[in-house]
Structures are given as C-alpha cells and as structure tokens.
Amino acid sequence: MLAELSGLNEECGVFGIWGHDNAAQLAYYGLHALQHRGQEGAGICTVNDGHLLIEKGEGLVNDVFPGDRLGKLPGRGAIGHVRYTTEGGRAFENIQPLVFRSTTGSLALAMNGNVINATELKRHLEKQGSIFQTTSDTEVLAHLIKKSGSYPQTERIKKALSLLQGAFAFVMVTEDALIVAQDPSGIRPLSLGRLGDAWVVASETSAFDLIGAETVRSVEPGELLIINDEGLKSERFAPKARRGICSMEYIYFSRPDSDIDGINIHMARKRLGKRLAQEVTIDADVVTGVPDSSISAAIGYAEESGIPYEMGLIKNRYVGRTFIQPSQELRERGVKMKLSPVRQVVEGKRVVMIDDSIVRGTTSKRIVKMLRDAGAKEVHVAISAPPLIAPCFYGVDISTDSELIATGRSVDEIRELIGADSLSFLSTEGLVEAVGRPDTDPDCGHCLGCFTGKYPTDIYADTKLPHEKELV
Ligand code: SF4
C-alpha cells in the first residue's frame, strides 16, 4: 500500500482473446480485473472480418466504455490495455492499443513493460524514414515489423522482437491472428488461458477468473504465440534465458487472487510475513497491515509470531481518482484522505505495522504519526521486502535512486526519519525462499534489481542496429 500511496506504480496490464463471439465484452471484463495495474487510460481493439476496430480513452475502464461503446467493437478476436504512464508521457495518442493500418496488412499492439533501447531504435528508424505518431515504446515494434511494408509474417515479428532489450509482454492482433510475446527473461507476468474453444492471455490470472476461463500456463521467456482459427502455435524468438520475473509482482503489484507460475499471490505474501516474523522478533501487542496489499503479509506475520492481527488501519475506498494521479503534491495530500487509524485497536498498544515497501519515506512517516496520534504506545514498522535501493528499468516508475529513502542510509537512519520505534526489513534470501518458486537460486527465477542493483538483463541500450536490408 505504501507503494501505491507514495508513488510506486506498475506501468500497464494487457489482455487478449481469440475465437469468441463476445471478444470485446470479455476484454472489457478482463481489463476490469487488471484495473489496479493502470488507471489513466484504457482501450480495446477487435478484429472483425479482417478489419481492426479501436475504441480507447483516458480514465478507468468504466469511464472509457460507458453505455453501448462496446457495441462498436464486433469481432471474435480482441486485445485490450490499461495504462499507467511512465515512459512516453500522458498524451491521448499514447493510449494503447496502437493501430497501424497499411495496404499490406494492419496491426494493433499493446504492451506491458519498458523497452530499454527504444530511443536508440527510434533514432535508427527515423534515419531510415520512419515517422512516429506517439512517444510510446510500443510503436517501435510496429515500425520494426512493418519496415519492409509487407504483411507481418511470423519471421518478421521474431526478427523485430529480437532487437528489443528490456521487459515486454506484447499482445498484438493482425487481420487474422492474435500474437503474443514475452521478453527473453520473462520479467513482466503474462499467462495463457482457455475459455471453451477460445484462447485468452492476460497480465494476471485474475482476469481469467472474472470471465470464467481456466489458466493453462505462463507464456515462457522468449516465446511467441500465434493464435488463429486453426489453433495455437508456439515458437521462440529468443533462446530460453534465466527467468527474471519481477519480485514486486509477488510483493505488491499483482492482485492477491492472481497466480504467477502456479504460485498464488496472497499465499506468497503470507509466507513473506511468516518469514519476516522468523527473521525479526518484536515484543508487541497487536499486528496490523497497511491496506490492501500488506494485509496478507500482516496475517502471515501474526500467525507466525503469535501476536494477534487486528485491523488498525482502514482504507477510504471512495476517494476520487485524482489521488492516484502521479504527482508528488497530490500523492502527499492523498495519504490522509486514503487511510484512517482505528483508535480502539491501537490506543495504548505496542503496534507492529507491516508494509510491503518504503519508497520515499514521507508516507511511512505520516502513517507512523497517524498511529501515534491515535494513541499507539509504540509503532514498530516491519517491511515484507528488502529495502528499495535502486531504480527499475522495466516499467515501474522508480526512475532514480535519489527518490529512495533507503539508498545510502542505514536502517537506523531510515527508522529515525520515519519516526518509528523500530524498523526491520525482510532479507533478500527470505524473499526468494518465501515466494517459493521452484528456481530459488537468487540469480535465477526472480528480478531483484531494485533491491540489489543487479538486473536480469543489460540495462544500457547496446543494440546491434540492423541494416535496413536485414528488416526486409
Ligand atoms: S527492478 Fe524491481 S520493480 Fe523493476 S522489475 Fe525488477 S523487481 Fe520489479
């Protein structure tokens, strides 16, 4: 929750479906289940008789699709997107899916993630005559695919994907197929599901549950799926590399009812809380969690420590959307609007406050003060993750480490700044083991970049730029 209040945001959520009469309707429901991943824009593109139809706009899924707007999107294939802005800015034209029409075949794309070498590739493409309509990374892939002006065949898509560096989960529709791609390290989550005869893909499996689809598996790192009326074909555009799934998906971003690689998020967060209790002993009367994302970890901590869990903080659910817009001033004002302490729970008590992260520290400081003002005798802050010390290059808006309170400070210095009686963090080994992926080697399985400064990919653009002929 602190992450949300103090500005740690996911970039986007994607959804795709092929082979269902109500494709747009199901994409709309799917996007609702992904709404927490982005609230600034939403869009759906369908394929109807070989024509791409697009409706999109600013705001929540409900705002963008009022009344019968979905009625304008017939077709048996669709992709959808919810957007949070980091790279590329907030202009309307950056709202996805992006549609590219040409006489040789049309294409629509949507992406979750961040292409590290997008600027380098754009410069290269512009030199070769490309004109970009948006400032979004996503458009780069379309230009790479369409460079020769012919129909986007599988080999052309593979070639284009192989030039991208970073984290990307793409969904695309052409006039006759849904195409899905996951970056070679599998950093952002992307799952494949089945709804009757239709195939579905989504950033999170919560989208499948909402539409009654079954989860089949995760899309593999470096995998390209081509889904059309003949079925599903799996190919590779990159060799299978070590998986580097974003650890923050387990800690904070994903919904508790989602699974990543068969691991349920709520259960993983409970284990993080349990492990934290094994690593950190605190003499206290009550455990509380900052709603919503830290509640699972707080329950785990309470179970393991034997200290009772209570609802010591309440989230005000009806605060206007303004307070989740990414501006520092609004974020700071938003804290008071969003949370209230339950005096009867904390008054006269030694409180353990579990949270999933400390970003800038300003929010933690306010919540500690809020609990003290409500009568808490002691406030012990325990974080169900290691300290955030480094930027994210993969689509999460931690852009500079100077924003992060934990960079270059000791735990005691941070404790003093936030005004807590004690402060503790989970260890990196504790995080990896508690999440419980089968590949528990810290250098395998997870991206831990913002906790360790070590990333699963190169973080500086180093593209072997293609000669124009190589793209044809
Ligand atoms: S750097 Fe952090 S937030 Fe970014 S992908 Fe890695 S674990 Fe996730």
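The values are calculated or read from the model by the stated rules, or taken from the named source; none is laboratory data. Quantities reported herein were computed from a predicted structural model and do not represent experimental measurements. Neighbour counts run over all protein chains shown; Cβ positions are idealised from the backbone, glycine included. Heads up: the accessible areas ignore ligands, DNA and RNA and are worked out on the full protein's heavy atoms, side chains in. Shrake-Rupley method; radii C 1.70, N 1.55, O 1.52, S 1.80 Å.
Checking His266 against (1) in a helix (DSSP H, G or I); (2) buried (at least 20 other Cβ atoms within 10 Å of the Cβ), only one condition comes out false. Which one?
(2) is the only condition that His266 fails.
Conditions (1) open to solvent by 10 Å² or more (accessible area, probe 1.4 Å); (2) touching a residue at least 60 places away in the same chain (Cβ under 8 Å), marked per residue:
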site	(1), (2)
Leu98	no, no
Ser102	yes, no
Asn112	no, yes
Ile116	yes, yes
Leu121	no, yes
His124	yes, yes
Gln128	yes, yes
Thr135	yes, no
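If we scan region 33-54, do we find a residue that is more than 23 Å from Ile398 (Cα to Cα), in a strand (DSSP E or B) and hydroxyl-bearing (Ser, Thr, Tyr)?
Scanning region 33-54, I find at least one residue that is more than 23 Å from Ile398 (Cα to Cα), in a strand (DSSP E or B) and hydroxyl-bearing (Ser, Thr, Tyr), so the answer is yes.
Is it true that some residue in region 78-86 is surrounded by fewer than 19 Cβ atoms within 10 Å (Cβ to Cβ) and either in contact with a Ser or Thr (Cβ under 7 Å, 6 or more places away or on another chain) or modelled with pLDDT of 90 or more (or both)?
Checking region 78-86: not a single residue is surrounded by fewer than 19 Cβ atoms within 10 Å (Cβ to Cβ) and either in contact with a Ser or Thr (Cβ under 7 Å, 6 or more places away or on another chain) or modelled with pLDDT of 90 or more (or both).
Hand me the list of helices (runs of 4 or more DSSP H) wholly inside region 131-231 holding 3 or more residues that are within 15 Å of Ala27 (Cα to Cα).
Those helices (runs of 4 or more DSSP H) span 206-211.
Pick out the one residue from Glu175, Glu230, Glu223, Glu235 that is surrounded by fewer than 24 Cβ atoms within 10 Å (Cβ to Cβ) and at pLDDT below 95.
On inspection, the qualifying residue turns out to be Glu175.
For region 393-424, which positions are modelled with pLDDT of 85 or more, hydroxyl-bearing (Ser, Thr, Tyr) and within 13 Å of the ligand (Cβ to nearest atom)?
Tyr394 - this is the single residue of region 393-424 that is modelled with pLDDT of 85 or more, hydroxyl-bearing (Ser, Thr, Tyr) and within 13 Å of the ligand (Cβ to nearest atom).
When you scan region 56-123 for strands (runs of 3 or more DSSP E) that lie fully inside it, which ones turn up with 1 or more residues that are among the small types (Gly, Ala, Ser)?
Of the strands (runs of 3 or more DSSP E) lying wholly inside region 56-123, those with at least 1 residues that are among the small types (Gly, Ala, Ser) span 77-83, 107-115.
Hey, can you tell me all the residues within region 430-446 that are within 11 Å of the ligand (Cβ to nearest atom) and at pLDDT below 95?
Here is the first cut: in region 430-446, the ones within 11 Å of the ligand (Cβ to nearest atom) are 431, 446.
Passing the criteria: only His446.
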